[in-house]
Amino acid sequence: MAKHNSRATLQFLLRCFPHRSRNPPLLPSAGLSTRFISGFDEKNGLLQRNIVLGDRRLLSLFNPVRNFVQTKQWGVGIQRKCYGSLAGLVQRNPRFSKFNDDDVRYFEGILGSKNVVQDEDRLVTSNTDWMHKYKGSSKLLLQPRTTDEVAQILKYCNSRCLAVVPQGGNTGLVGGSVPVFDEVIISLSSMNKIISFDKVSGILVCEAGCILENIISFLDNEGFIMPLDLGAKGSCQIGGNVSTNAGGLRLVRYGSLHGNILGVEAVLANGTVLDMLKTLRKDNTGYDLKHLFIGSEGSLGIVTKVSILTPPKLSAVNVAFLGCKDYISCQKLLQEAKRKLGEILSAFEFLDIHSMNLVLNHLEGARNPIPTSLHNFYVLIETTGSDESSDKQKLEAFLLGSMENELISDGVLAQDINQASSFWLLREGIPEALMRAGAVYKYDLSIPLEHMYSLVEEMRTRLGNTANVVGYGHLGDSNLHLNVSTPHYDEKILSQIEPFVYEWTSKHRGSISAEHGIGLMKANKIYYSKSRETVQLMASIKNLMDPNHILNPYKVLPHSLTS
């Protein structure tokens, strides 16, 4: 039977289908052999994974301002809960001053009055995270345009002991980019220039306020790509990406920002500017201090410029959407993909049937590309290479082998960019579908691959029918997004989730934050992933670089060490 299916698969792969069809041909089901079709060439256009198909009025996944306006216009029902009560667990540091009129006049002298914002309506968005989970009470937003202005602001705030929170696109999920109390917000949005790009080396230098999608578009025109790709790319800023060490969809291919960021410029709490904006692949002169600012969430300094190593854009792109019977098959499929696809593998994402049902039921326009039957798990694989013929041969061999080994139950390959985007929508649309379904408790975890889905199953057993537990994420780098969906927020349900989720992760030697950061949400839970000696050393570094603790207070480190 396996050999028969393999021959049928190969014949189907070699067939030619109309390139412009809206959806992949769906023939009578005969397993995988009736689904796979030819890939597409990215030279025909830039793959935009957040393309809105048809006349859809969807909330942007990560655009707080637009979401606020559209929610007003369309009456979209989204569960919201501001965790202002968390501030009750954190006492405002009495050492911090409150700004006065003299402070405002000083800032206006540096920035001009239009860049010193006290308007309550404009401050609402900056005080609230995009999920409306955390809300601060800042009365002052500053918008510097240069590194020198950032330095002057910080030097003054440090002298006055005014706490500050640096803010980029405000797309964070752990309360790291909004005030806890009345901290002064320093927005980097006006620092959005691309400074230089070297086409030979592929090294880009830009300011921290550049929106990720704008960088992606700039590089696309130059024949290069960003090694970082996120669902939030339309709003998030590169400074925030660096400060949180964002992971995203391409980490399996290009690695983390610790490897792709060649240099940074950062301003310390006392206004000192650290120029580490190197554009060198090799620099072995002492401590590589830039890494202190990658992932420290603005708690050690404010990143103002970055230099990034970007790879060349490759023309041949294929996206496959596959159905698998169980999680073990997904693991084995990943193992085979790494071996058989090798250097062309650029993404390996997974979602369970609960995630798929959420998207299909709550995201208008989402369609199941393999609708004849539901599968327990789905895998999205993307390959990117320079030789279309060779890539197809590799992919065909991989699919044939996977089918022979019964790792894949069914699947489909995108014919063109629109179909690829519709596949990606099923994966990237999960956060929005969760928001539309009601209340959601979100956890971003790194767990050894063999144990990763066991947490989802145990949480499902633990909560029973009181909640819908879904699991999805970046299987290629062992990153699970565990989400618990309920009609309404319920403290009883939260007490069932926490601290169990952190204890379980710690027991299996995982990380309680894979890519979202620590922020306010997990500051007191860092010991689940870091030893006390390690956390104490981190606190010593904080004390050295920011002795007054004015930079993004109450975040990253336990409050007992920073109060």
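Here are the numbers for the structure shown:
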| quantity | calculated |
| --- | --- |
| Contour excess over end-to-end distance, with Cα ends at Leu544 and Ser190 and 0.36 nm allotted per residue | 124.5 nm |
| Relative contact order (%) - criterion: Cα under 8 Å, at least six apart; region: segment 91-187 | 34 |
| Label-to-label distance, nm, for residues given as Asn357 and His559 (7 Å Cα→Cβ offset) | 3.8 |
| In nm, spacing of pseudo-spin labels at Asp121 and Gln393 (7 Å Cα→C-beta vector) | 6.3 |
| Length added when fully stretched, Lys155-Ile328, from 0.36 nm per residue minus Cα-Cα | 56.8 nm |
| R0 of 25 Å, Cβ-Cβ distance Asn405-Leu374: FRET efficiency to nearest 0.05 | 0.70 |
| Inter-part distance where segment 249-312 and segment 143-196 are each reduced to a Cα centre, Å | 17 |
| Pair Thr461, Arg95: separation of 7 Å Cα→Cβ label points (nm) | 4.7 |
| Accessible area expressed per residue, segment 415-501, with surrounding protein chains retained (probe 1.4 Å, Å²) | 30 |
| Efficiency of FRET between Lys338 and Asp490 - r from beta-carbon atoms, R0 45 angstrom, step 0.05 | 0.65 |
| Computed over segment 316-508: relative contact order in percent, which uses C-alpha pairs under 8 Å that are six or more apart | 28 |
| Selection of chymotrypsin sites (Phe, Trp or Tyr not before Pro), segment 242-339, meeting DSSP coil and at most 12 other Cβ within 10 Å | Tyr287 |
| Candidates per trypsin sites (Lys or Arg not before Pro) in segment 508-563, loop by DSSP, up to 13 other Cβ within 10 Å | Arg509 |
| Filtered trypsin sites (Lys or Arg not before Pro), segment 240-318: DSSP coil and at most 11 other beta carbons within 10 Å | Arg281, Lys282 |
| Extension gain (nm, one decimal) between Lys114 and Asn284, 0.36 nm per residue minus Cα-Cα | 56.8 nm |
| Two-site FRET efficiency, Asn214 against Arg532, from Cβ-Cβ distance with R₀ of 35 Å, rounded to 0.05 | 0.25 |
| Tensor-based shape of segment 140-239 (alpha-carbon gyration tensor, a/c under 1.5 rounded, otherwise prolate or oblate) | oblate |
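The values are calculated or read from the model by the stated rules, or taken from the named source; none is laboratory data. Just so it is clear, the structure is predicted and the values come from calculations on it, not from any experiment. Heads up, the Cβs are rebuilt from the backbone with ideal geometry, glycines too, and the neighbour counts pull from every protein chain shown. Accessible surface is based on the protein model in full, side chains and every heavy atom, while ligands, DNA and RNA are left aside. Shrake-Rupley method; radii C 1.70, N 1.55, O 1.52, S 1.80 Å.
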